[in-house]
Amino acid sequence: IRDRAYTEGNTARAQELYLQARDLGVNDAVLHFNLGNAHARHGQLGLAVASYLRARRLDPRDRDVATNLAWVRQHIQDLELTEDELPLFIAEAAAVVAALTLDQWGIVLIIFLWLTAALIGWGWYREESGNGLRRALRASAAGLVIAAVVTAGRCYHEEVRDEAVVIVAEAEVRSGPAENFPVLFEVHDGLTLNIEGEREGWVRIGLGGEWVGWLPAGSVVSVRLDPERS
């Protein structure tokens, strides 16, 4: 029903149904992608970005998600505050890391853990360690370290760090959590930022470096689907 409403051009009804399904606990990449498309159709750039980011976390290899997210981000006002392009070799490494979900990296970690343990056990059982076994053990241990580092980094990025998106046309970032504090700079619909703290209806945001300040909590939405702020 949801998809039929969207394909028939009734994006308002489709958006309503997608939101109902999400609020009922449906956490599916296709749902978030379609909801992002509906938000984009209505010019809601921030909500579209948040939905695409949720879809990307669940299905990082989906090219349609990446394409639509990039297209929406090209239309936000704060292009100068978005992340700079990475050097080619770093971008390629980041693409490899992003190709798997957090759960999939957890499986890779477990595989390398068992493989390393098995090689150690085999060497202990044989009471010897030839060149081949030592090379295999070094390779497995290296894979284990890499998988552990990547899994820990992804866990921090997705489960600990609170990534959020601005969902209002314009918001003033202030030096403190109240209207009487000076305005430091402004942010606009669709900008992705980090939430570094909360206080009485305000959130402390960071964009890297000295770009920090306070915003009304209602001007952003968390990418992580927390029940209190989704």
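Brief remarks on what is shown
- Potential lengthening between Asp23 and Ala152 on full extension [0.36 nm per residue; Cα-Cα distance subtracted]: 43.6 nm
- For the chain: relative contact order, % (alpha-carbon pairs under 8 angstrom, 6 or more apart): 17 percent
- Probing with 1.4 Å while keeping every protein chain in the model, the per residue accessible area of the chain equals 59 Å².
- In the range 105-230, the portion of solvent-accessible area held by carbon and sulfur atoms comes to 61 percent [1.4 Å probe, whole percent, DNA, RNA and ligands not counted].
- Our summary of shape: the Cα atoms of the chain have principal axis extents of 71, 48, 34 Å, ordered from largest down, in whole angstrom.
- Structure-based [θ]222 nm, the chain - -39500 (n - 2.57) summed over DSSP H runs of at least 4, per residue, nearest 500: -16500 deg cm²/dmol
- Take the Cβ atoms of Ile120 and Trp71, set R0 to 35 Å, and the FRET efficiency comes out at 0.10.
The values are calculated or read from the model by the stated rules, or taken from the named source; none is laboratory data. Computed from a predicted structure; not experimentally measured. Because the Cβ atoms are built from the backbone with ideal geometry, glycine has one as well, and the counts that use them run over all protein chains shown. Areas reflect the complete protein model, heavy atoms only, side chains present, ligands, DNA and RNA absent. Shrake-Rupley method; radii C 1.70, N 1.55, O 1.52, S 1.80 Å.
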